[in-house]
Amino acid sequence: MALNATTKTGLAVAIAGLASAATAQDLKPVVFGTNWLAQAEHGGFYQSVADGTYAECGLDVTIMPGGPQVNNRALMLAGKMDFHMGGDMLQAFNAVAQGIPVVMVGATFQKHPQVILAHPGKAESFEDLKDLTLLIGDNGFTSYYQWMISEYGFTPDQREPYTFNPAPFIADENKGMQGYLSSEPYAVEKESGIVPDVFLIADAGFSSYATTIETMADTLENDPEAVKCFVEGSAKGWYNFLYGDNAEARELIKADNPDMTDDKIDYAISKMKEWGIVDSGDALEDGIMAINPAVVQDFYDKMVTAGVIEDGLDIEASYTTEFVNAGVGMDLKPSN
């Protein structure tokens, strides 16, 4: 019996569906834990889930958001997930110091997005912040603020604890406040109408990579193809998220974090692009996720000088460049 055009089309769709199901069954399931609630700063990873980039190289990726009561890094150490989003390189250095076999395999942010906010006109340069009382959290005080003391001469006395409430900053123009480039400046402006001056600590010399991809040494040894797929797929995802159609990724982010809105996502993307958080430095030549050993060494030296990290660590054990620096995904970036 001859098949009409409609039947042929239906048969083709059915065959394609069966093929897709078979392909899905062949994908390797992996779990990626983020370090906080879903947001635009995680966008490239959501993008590669949404548009099938991970699936194209063989992975079925589940993103497990972090949060205030979630320690995804501990879950990776316990074998509950395959990859984890690190904060900055201090975590990788501390892993070496403690003998924990965690390795950084990609560096999403070429610049750390930590900022200090000041009221308009109260500081013309990063050094001028020394004239202000600074609201700095405990984690910041034991890490980047120690570098600020060592490198610029800030003092412990001018620091007051930051409780993640911008009200004391808004009320006192002689106070500065820590923040995240794509978060606190926007929140302060929305709440008070003040457009704060923003000082990116990366541009002042705090040279750590941030939003890194970590995995266990065993994963590197036993499943390098999965690592390659995840790192390269993530790089492609970031190009597509920043420069392409990211509508589906946005929906996944908002589904995982109902407090996230399109205006917040728009603001974060604009700031990541404006300040070169993802696509700058070595990434311009070697591609997003680039890791430069000289940058790692420079940051380590600064942390040793600041007394944050002990001297003599084998920092080459903290990272690998095996899966980066090949320009993967650069063809997805608009030429203009």
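General observations
- If you go through the stretch 184-211 and keep only what is in a strand (DSSP E or B) and open to solvent by 20 Å² or more (accessible area, probe 1.4 Å), you end up with D197, V198, F199.
- Scanning the stretch 52-84 for residues that are of a type in the set (D, E), outside any helix (DSSP H, G or I) and open to solvent by 60 Å² or more (accessible area, probe 1.4 Å) returns a single hit, D60.
- Selection within the stretch 245-271 - assigned to a helix (DSSP H, G or I), farther than 21 Å from L181 by Cα and open to solvent by 60 Å² or more (accessible area, probe 1.4 Å): E248, E251, L252, A255, D256
- Matching residues in the stretch 212-244 - criterion: being among the charged types (D, E, K, R) and open to solvent by 10 Å² or more (accessible area, probe 1.4 Å): D218, E221, D223, E225, K228, E232, K236
- Qualifying residue in the stretch 272-285 (condition: open to solvent by less than 50 Å² (accessible area, probe 1.4 Å), within 26 Å of L220 (Cα to Cα) and either part of a helix (DSSP H, G or I) or touching a Lys or Arg at 6+ places or on another chain (Cβ under 7 Å) (or both)): yes
- Residue that is among the hydrophobic types (A, V, I, L, M, F, W, C), under 20 Å from W36 (Cβ atoms) and at pLDDT 95 or above, where the choices are L90, L129, L134: L90
- T23 at pLDDT 50 or above, more than 22 Å from the chain's Cα centre (by Cα), hydroxyl-bearing (S, T, Y) and farther than 24 Å from D262 by Cβ: yes
- Each residue in the stretch 85-129 was checked for being farther than 12 Å from F199 by Cα and assigned to a helix (DSSP H, G or I), and 9 of them qualify.
- K190, sole failed condition from (1) farther than 20 Å from L134 by Cβ; (2) touching a residue at least 60 places away in the same chain (Cβ under 8 Å): (2)
- Residue ID - surrounded by the most Cβ atoms within 10 Å (Cβ to Cβ), chosen from residues in the stretch 311-331 that are farther than 17 Å from A294 by Cβ and in contact with a Gly (Cβ under 7 Å, 6 or more places away or on another chain): F323
- Checking each residue of the stretch 115-128 against the condition of being buried (at least 16 other Cβ atoms within 10 Å of the Cβ) and either within 30 Å of V227 (Cα to Cα) or hydroxyl-bearing (S, T, Y) (or both) gives no match.
- Selected residue (criterion: surrounded by the most Cβ atoms within 10 Å (Cβ to Cβ)) from residues of the stretch 29-51 that are among the aromatic types (F, W, Y) and under 24 Å from E184 (Cα atoms): F45
The values are calculated or read from the model by the stated rules, or taken from the named source; none is laboratory data. Nothing here was measured: the structure is a model prediction, and the numbers come from that model. Please note: Cβ atoms are built from the backbone with ideal geometry, for glycine as well, and neighbour counts cover all protein chains shown. Ligands, DNA and RNA are stripped out before the accessible areas are found, and what is left, the full protein with its side chains, is counted by its heavy atoms. Shrake-Rupley method; radii C 1.70, N 1.55, O 1.52, S 1.80 Å.
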